[in-house]
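For reference, the structure discussed in these notes is given below.
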Amino acid sequence: MPSEIDAKKRERIVRRAALELRDGFYVNLGIGMPTLVANHVPPGIEVILQSENGMLGVGPYPFPGEENPDLINAGKETVTELPGSAYFSSAESFAMIRGGHINLSILGAMEVDEEGTLANWMVPGKVIKGMGGAMDLVASARRVIVTMEHTTRTGAPKILHRCTLPITGLRVVDTIITEMAVITVTPAGLRLDEVAPGLTPDDVQQATEARLLISDNLQTITI
Amino acid sequence: MPSEIDAKKRERIVRRAALELRDGFYVNLGIGMPTLVANHVPPGIEVILQSENGMLGVGPYPFPGEENPDLINAGKETVTELPGSAYFSSAESFAMIRGGHINLSILGAMEVDEEGTLANWMVPGKVIKGMGGAMDLVASARRVIVTMEHTTRTGAPKILHRCTLPITGLRVVDTIITEMAVITVTPAGLRLDEVAPGLTPDDVQQATEARLLISDNLQTITI
Amino acid sequence: MNKVYASAAEAVAGIPDGATVMVGGFGLCGIPENLIDALIATGVKNLRTISNNLGIDGFGMGKMLEAGMIAAHTGSYVGENRLLESMVIARTLEVTLIPQGTLAERIRAAGAGIPAFFTPAGVGTVVAEGKEVREFDGRSYVLERALPADYALIKAWRGDRLGNLVYRKTARNFNPMMAAAAKVTIAEVEELVEPGKIDPDHVITPGIYVQRIVQGAKYERRIERRTLRERQSA
Amino acid sequence: MNKVYASAAEAVAGIPDGATVMVGGFGLCGIPENLIDALIATGVKNLRTISNNLGIDGFGMGKMLEAGMIAAHTGSYVGENRLLESMVIARTLEVTLIPQGTLAERIRAAGAGIPAFFTPAGVGTVVAEGKEVREFDGRSYVLERALPADYALIKAWRGDRLGNLVYRKTARNFNPMMAAAAKVTIAEVEELVEPGKIDPDHVITPGIYVQRIVQGAKYERRIERRTLRERQSA
């Protein structure tokens, strides 16, 4: 049952990403897997979620019958508000993002390269859907974490020497979190900081096109 | 009693300026004489006053005991609100002004020249006070009317061939209203459209450095 | 000063073929449902639309797409429209996609009298191609132009006769900037009230930006993705 | 996440000599009275202040001027301070005056990540000297840079523990933009309330922009020009 394996992979990624949250952080979570990070906020940590359609303090999904068409997140999903939430226009929302007020943006990727360049919005030859707010977020969030499966469904590497798809942002990614590894983008290149239990650095390198530097303090991923 | 004569002059100017108001206009009135235009809105005309410190729908001065320190106009005078007033930030206020949403700005002048260039914020050698919002207003209001006494207190012309003081805006004035005349700025130069009762165009020209074109349809000022 | 129109049909009358029309909303949230229907009924053609999304097949701006009245569209995300694909391939629709924050700020700039500004979004991507890129304090930015419109169709929760508007929750989105960016802004509201009923401190769109206002006849307020959590048993 | 400070003195602690400090308010309306007093009490020197006005002799920022703690000031109007003249002549104070709308937009740009923008205000005047002037659609505009600060001292009517703020009437003025434009924003409020007490639709400054919040101990709220009308006899 590959879908169940995928679900477990994704949960591991999401749980590891949640450990990057810090108390008092304002965080923007991308559509899909990143949104799930909200379910795993560590105890004792208070984070405030921003949604780029104009909301701070995004709460959980509503109970049945309490959904409000006027209250959605950037993925167009019905959500709820919390005590201390605030609404604002799209111009104010992106002023907030562009102005560097978001501590952390977590989003998905099709490709990331050695310089932290990200491609996640367009596959030439397919009809384009649009970049939405991704270009603004990666350009200006104080820290950008990519969460993604380490390889494509056919096993091809997604962490590349150079991105081949049209890019979303040039040298924007700080950290890559996959089911196999946690990788930091450094001026010297990609540094392997953590590997999944049971894997060796070489296993990760085999699934990665870009050359990986191995951290002097290499850890096993603990979630 | 020169001050009483001045008061009458100013009232004539203000009353004539009020005739330029049109129903539905959003109007910004400068500090001093222009503020008084609000007292002479013609019957049947509804105008909404904007104050650049962040208010639409400025009402009259408050009754004694009803003044509110949080409710002032751009001249720092206590004012009141009206049904349908709105408050906003200084950035929004000048977005409104700069965006061309103000139909009419009425303000005072030290000098105006043949091209409609205005000087009203600084006299070199005196300590400068600052331009406040005047440069933004004259650059972007759809129509700019200058209300002023025709000459200085010593009788020197204020309507000049070229401004001599540091300017507030280049080619920004549409109409000049004084106690002697109503003058329109045209591409060909200043056109005398109306003269005060009892005065001839030549009387006005004598008090004016810039050359005046005489309107084919010259009128007497009626207020 | 009376900006109130009796019906959405009267409120949208006079929009000519080829006009540039902004439409408020994010997804299906905060869209001017009644004005969209009324605009389609006028039979106007070759519109150049500006909106973050393009509705979905069968609802919101998706209906305008189906009516064949859109010649060109500028937005940030059009992923919910299947019809779009065939139209782009058949070259009956020209689509320009730009970053959402750049879209929001370009619209804001148009209303605010700012002809152009620098932004970091899109530097090094296709978005910056052909545009000036300049460095400030060691970082690169792309010069973006204001994005104005002839008409804006927007939706607010409540409005008064003078055009003052308030919005509800995330239905605010692009509506306030569009109100300021168009020559003629047409607002539909769920509740039309007398001036003074809206606290002046709560007004989001001051009436100066609104030329026409109409109370919508009915609202479907369709939900695009109904996501729910389970009630925990007590 | 607790941004609440017990006193204005604690809230302004750590502002170093030479810091760039924005101060909210227009005239004496909406100024952070308690924070100004607390800042003077710290004895900090050589501040570079940014504020539309400079208070009046003996009140508001006028007190900071008298304390000799301001080395340079940027604003749009300083006409109410007599002390200013002698300081400018003695070259103990450097004053930069810019158009009020440019001041507001430069501060807004700093908070919004816009490094520079074009504006029509000041073209052809001393304000444009040494700056790039460019034509767009036949009209000339001057390029203006963002104006950020190390600290912003602002005043709101009501705020919650998360820093969400609402303002009252024209006391809003420059406060919201300054909140977003500083590295550290310190807000004083008349009423400090629990999160949830402010309707999320009414929030003007979302808490993300506020790092420290304090309830002011007392407010004089001095009126600069008390203008009144007479009651008509019945």
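The values are calculated or read from the model by the stated rules, or taken from the named source; none is laboratory data. Note that this is a predicted model, so its numbers are computed, not measured. With ideal geometry, Cβ positions are generated from the backbone for all residues, glycine too; neighbour counts draw on all protein chains shown.
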Checklist entry - Is one or more of the residues making up the range C:29-48 hydroxyl-bearing (Ser, Thr, Tyr) and within 28 Å of B:Glu92 (Cβ to Cβ)? => result no
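Counting residues that are crowded, with 24+ Cβ neighbours inside 10 Å, within 11 Å of chain A (Cβ to nearest Cβ) and touching a helix residue (DSSP H, G or I) at 6+ places or on another chain (Cβ under 8 Å), which strands (runs of 3 or more DSSP E) fully inside the range C:29-119 reach at least 2? Break it down stepwise before answering.
On the way: elements: C:47-50, C:70-75, C:94-97, C:116-119.
Correct list: C:116-119.
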Next on the checklist: Taking the criterion of being under 18 Å from the mean Cα position of the chain (by Cα), more than 30 Å from B:Asp23 (Cα to Cα), surrounded by fewer than 19 Cβ atoms within 10 Å (Cβ to Cβ) and away from chain A (no Cβ under 12 Å), would at least one residue in the range C:6-24 satisfy it?
Outcome noted: yes
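Residue-wise test of (1) aliphatic (A, V, I, L, M); (2) more than 14 Å from chain C (Cβ to nearest Cβ).
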residue	(1), (2)
B:Glu46	no, no
B:Leu49	yes, no
B:Gly54	no, no
B:Tyr61	no, yes
B:Glu66	no, yes
B:Asp70	no, no
B:Ala74	yes, yes
B:Thr80	no, no
B:Gly84	no, no
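Please find, among B:Leu82, B:Leu49, B:Leu56, the residue that is touching a strand residue (DSSP E or B) at 6+ places or on another chain (Cβ under 6 Å), surrounded by fewer than 19 Cβ atoms within 10 Å (Cβ to Cβ) and either closer than 22 Å to C:Val203 by Cα or not hydroxyl-bearing (Ser, Thr, Tyr) (or both). Quick ask: steps written out before the conclusion?
Numbers: B:Leu49 fails: surrounded by fewer than 19 Cβ atoms within 10 Å (Cβ to Cβ); B:Leu56 fails: surrounded by fewer than 19 Cβ atoms within 10 Å (Cβ to Cβ).
Selected residue: B:Leu82, the only one of B:Leu82, B:Leu49, B:Leu56 that is touching a strand residue (DSSP E or B) at 6+ places or on another chain (Cβ under 6 Å), surrounded by fewer than 19 Cβ atoms within 10 Å (Cβ to Cβ) and either closer than 22 Å to C:Val203 by Cα or not hydroxyl-bearing (Ser, Thr, Tyr) (or both).
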Item to check | Of the criteria (1) surrounded by fewer than 24 Cβ atoms within 10 Å (Cβ to Cβ); (2) touching a residue at least 12 places away in the same chain (Cβ under 8 Å); (3) under 15 Å from A:Glu209 (Cβ atoms), which one A:Gly99 fails | outcome: (3)
Next on the checklist: Take the conditions within 12 Å of another protein chain (Cβ to nearest Cβ) and on the phi > 0 side of the Ramachandran plot and apply them to B:Gly99. Does it pass?
Outcome noted: no
Next on the checklist: Restricting to the range A:22-34, count the residues that are surrounded by fewer than 21 Cβ atoms within 10 Å (Cβ to Cβ) and either β-branched (Val, Ile, Thr) or more than 10 Å from the chain's Cα centre (by Cα) (or both).
Outcome noted: 5
Checklist outcome for this item: The one condition B:Glu114 fails out of (1) more than 9 Å from every other protein chain (Cβ to nearest Cβ); (2) within 20 Å of D:Gln100 (Cα to Cα) is (2)
Checklist entry - Just checking, which of D:Asn52, D:Asn46, D:Asn34 is at pLDDT 95 or above and under 16 Å from D:Ile98 (Cα atoms)? => result D:Asn52
Next on the checklist: Looking at the range C:120-141 only, could you name the residues that are within 25 Å of D:Asp137 (Cβ to Cβ), assigned to a strand (DSSP E or B) and more than 10 Å from chain A (Cβ to nearest Cβ)?
Outcome noted: C:Val133, C:Arg134, C:Phe136
Next on the checklist: Residue under question is C:Gly111, and the condition is that it be at positive phi and out of contact with any Asp or Glu (no Cβ under 8 Å at 6 or more places or on another chain); does it hold?
Outcome noted: no
Checklist entry - From the list A:Val146, A:Val173, which one is within 17 Å of the chain's Cα centre (by Cα), within 14 Å of chain C (Cβ to nearest Cβ) and under 14 Å from A:Ile106 (Cα atoms)? => result A:Val173
Checklist entry - Of the residues A:Ser105, A:Ser93, which is among the small types (Gly, Ala, Ser), more than 16 Å from the chain's Cα centre (by Cα), modelled with pLDDT of 95 or more and buried (at least 21 other Cβ atoms within 10 Å of the Cβ)? => result A:Ser93
Item to check | Count of residues meeting criterion [over 18 Å from A:Gly30 (Cβ atoms) and buried (at least 17 other Cβ atoms within 10 Å of the Cβ)] in the range A:160-170 | outcome: 2
Item to check | Inter-residue pairs, beta-carbon under 9 Å, first at positive phi and in the range B:33-53, second modelled with pLDDT of 95 or more, 6+ apart | outcome: B:Gly44/B:Asp23
Item to check | Only listed residue being buried (at least 21 other Cβ atoms within 10 Å of the Cβ), closer than 30 Å to A:Ser140 by Cβ and in contact (Cβ under 8 Å) with a residue 12 or more places away in the chain, chosen from A:Val182, A:Val195 | outcome: A:Val182
Checklist outcome for this item: By residue number, the members of the range B:82-115 that are farther than 30 Å from B:Thr164 by Cβ and assigned to a strand (DSSP E or B) are B:Leu82, B:Pro83, B:Gly84, B:Ser85, B:Ala86, B:Tyr87
Checklist entry - Among the residues of the range A:120-143, is any within 14 Å of another protein chain (Cβ to nearest Cβ), surrounded by fewer than 20 Cβ atoms within 10 Å (Cβ to Cβ) and among the small types (Gly, Ala, Ser)? => result yes
Checklist entry - Does A:Ile13 meet the test of being at pLDDT 95 or above, buried (at least 24 other Cβ atoms within 10 Å of the Cβ) and in contact with an Asp or Glu (Cβ under 7 Å, 6 or more places away or on another chain)? => result yes
